[in-house]
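The values are calculated or read from the model by the stated rules, or taken from the named source; none is laboratory data. Because the structure is predicted, anything quoted here is derived from the model rather than measured. Note: ideal-geometry Cβ built from the backbone for every residue, glycine included; neighbour counts use all protein chains shown.
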Amino acid sequence: MPGTKTVLVVDDEPSVLFALSEGLSDRRGGVRVVTAANGIEAVAVMEAEPVDLVLTDLRMPDMDGFELLAFLRRNHPSVPVILMTALGSSETSARLATAGSFECLAKPFHLPDLKRKIAEMLAQRVKGRVENISLASFLQLLEMERKTCTLSVRSRDHEVVHEGKLFFRAGRLVGAATGDLEGKAAALEIVTWDHADIEIADGCPPVDPEIEVALSFLLMEGMRLKDERERGKESDLTGELDIDAALAEAPARPQSEELGRLLSEGMRGGKGMKGVDAILLVEPDGTVAAVAGEDPGDAMAAAAARFLREGGPLQEVLATTSDRYWLARPVGTDGHFLLLVLDRHRANLARTQLDLVAIERMLGERLG
């Protein structure tokens, strides 16, 4: 039928396939649903007929959602994708919201909301395209879903072809290799590559020594290295990455007493602020304009500024270290953002995000 859009639903649970097929099909609205029980069947469908949108689970036998994403990235990059995940913790929900380049839904979801999201994506066909899924976003998905696998990453820079491998065990990046580099140095090199082609294989070989640095910090440090290269500076990938030393660097900076007072009032104003060690108001260039609480230094603020500046119109950035959450959220209209430092053992991340709205509104009025 002319004008009909085809939605491919991929899930290994027959009840889910039946419910979504019945609930999403809409002859009057011009939406047709086809189904597949795993990635292998999905590939067969896409090779047999045009598909306008893919709605897929991540955990499936034979060929899972990650392998399907890698296939779509290589062969159907313009097709929008919505990912379904069974994880529903506050931390996972927050990370899904920060991914930015694709759509994720945590099961169980509200069918009318899903239908509305599908209609929006079929209409605009921009956000959610597999070609918009960056390597960093793909790695964050692997971490969230606690995937064990080996990634083969390939990127072409002009006439130079780069190849490398990333090793994940239960969602943790434990090893990397490219050229003569291994471990953290190799991981930092690989995460800076643009237009990376990804192939995924099950299993993770023994790695010794393992990478101990959090993936979120590696991604931000990779952004810094990439920024330095673009500005013509030399980047040292072979040295040890000392997070504690990097976060302890706090050069002198001017601060606004009025803004600092507003941040302090915000920290005292909501139950969600329990476990928040510090709130920083950061300027677009990474300069800290005001701080309330325990000052963590400028390193993470500068990294978050680069990530927000180069990562596109993001609503939120969440980084996780062994004992802290680092939550960055734009505020106002001129590029400022808030950076919250939370104790992972005491903070309620979801509640903090709710209470943060009032602080953002107050500072937004002040900043314009």
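Among 143, 199, which is in a helix (DSSP H, G or I) and within 27 Å of residue 75 (Cβ to Cβ)?
Working: 199 fails: in a helix (DSSP H, G or I).
Every option except 143 fails the conditions.
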Next item on the list: Could you pull out the residue among 31, 43 that is surrounded by fewer than 21 Cβ atoms within 10 Å (Cβ to Cβ), in contact with a Phe, Trp or Tyr (Cβ under 7 Å, 6 or more places away or on another chain) and assigned by TED's automatic domain parsing to the domain that holds residue 116?
Entry: 43
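Before we move on, is residue 62 on the phi > 0 side of the Ramachandran plot, exposed (fewer than 13 other Cβ atoms within 10 Å of the Cβ) and modelled with pLDDT of 85 or more? Can you show your working first?
Numbers: on the phi > 0 side of the Ramachandran plot: yes; exposed (fewer than 13 other Cβ atoms within 10 Å of the Cβ): yes; modelled with pLDDT of 85 or more: yes.
Here the answer is yes, as residue 62 does meet what is asked.
Being over 17 Å from residue 361 (Cβ atoms), modelled with pLDDT of 80 or more and surrounded by fewer than 17 Cβ atoms within 10 Å (Cβ to Cβ) narrows it down to one of 238, 287, so name that one. Let's see the steps before the verdict.
Numbers: 238 fails: modelled with pLDDT of 80 or more.
Exactly one of 238, 287 is over 17 Å from residue 361 (Cβ atoms), modelled with pLDDT of 80 or more and surrounded by fewer than 17 Cβ atoms within 10 Å (Cβ to Cβ), namely 287.
For (1) part of a loop (DSSP other than H, G, I, E, B); (2) touching a strand residue (DSSP E or B) at 6+ places or on another chain (Cβ under 8 Å); (3) among the hydroxyl-bearing types (Ser, Thr, Tyr), each residue gets a yes or a no:
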{"residue": "318", "(1), (2), (3)": "no, yes, no"}
{"residue": "322", "(1), (2), (3)": "yes, no, yes"}
{"residue": "327", "(1), (2), (3)": "no, yes, no"}
{"residue": "333", "(1), (2), (3)": "yes, no, yes"}
{"residue": "342", "(1), (2), (3)": "no, yes, no"}
{"residue": "353", "(1), (2), (3)": "no, yes, no"}
{"residue": "357", "(1), (2), (3)": "no, no, no"}
{"residue": "363", "(1), (2), (3)": "no, yes, no"}
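Report whether or not residue 138 is closer than 19 Å to residue 322 by Cα, under 18 Å from the mean Cα position of the chain (by Cα), in contact (Cβ under 8 Å) with a residue 24 or more places away in the chain and outside any loop (DSSP other than H, G, I, E, B).
Details: closer than 19 Å to residue 322 by Cα: no; under 18 Å from the mean Cα position of the chain (by Cα): yes; in contact (Cβ under 8 Å) with a residue 24 or more places away in the chain: yes; outside any loop (DSSP other than H, G, I, E, B): yes.
The answer is no for residue 138.
Can you confirm whether residue 160 is of a type in the set (Val, Ile, Thr) and modelled with pLDDT of 85 or more? Don't jump to the end; show me each part of the working.
Working: of a type in the set (Val, Ile, Thr): yes; modelled with pLDDT of 85 or more: yes.
Answer is yes for this residue.
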Item checked: Filter result (touching a residue at least 60 places away in the same chain (Cβ under 8 Å) and outside any strand (DSSP E or B)) within the stretch 21-55 -> 23, 24, 29, 52
Checklist line | In the stretch 46-59, residue nearest to residue 75 (Cα to Cα) [restricted to those that are at pLDDT 90 or above and crowded, with 17+ Cβ neighbours inside 10 Å] | finding: 46
Check: Can you tell me which residues in the stretch 115-157 are crowded, with 20+ Cβ neighbours inside 10 Å, among the β-branched types (Val, Ile, Thr) and modelled with pLDDT of 85 or more?
Finding: 118, 153
Item checked: Candidate set from the stretch 65-104 (those that are modelled with pLDDT of 60 or more and of a type in the set (Lys, Arg)); member that is surrounded by the fewest Cβ atoms within 10 Å (Cβ to Cβ) -> 74
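What about residue 16, is it outside any strand (DSSP E or B), in contact (Cβ under 8 Å) with a residue 12 or more places away in the chain and under 22 Å from residue 110 (Cβ atoms)? Let's see the steps before the verdict.
Working: outside any strand (DSSP E or B): yes; in contact (Cβ under 8 Å) with a residue 12 or more places away in the chain: yes; under 22 Å from residue 110 (Cβ atoms): yes.
Taking the combined requirement at face value, the residue satisfies it.
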Checklist line | Pairs where the first residue, in the stretch 163-174, is part of a strand (DSSP E or B) and the second is basic (Lys, Arg) and crowded, with 18+ Cβ neighbours inside 10 Å, C-beta under 7 Å, 6+ apart | finding: 168/147
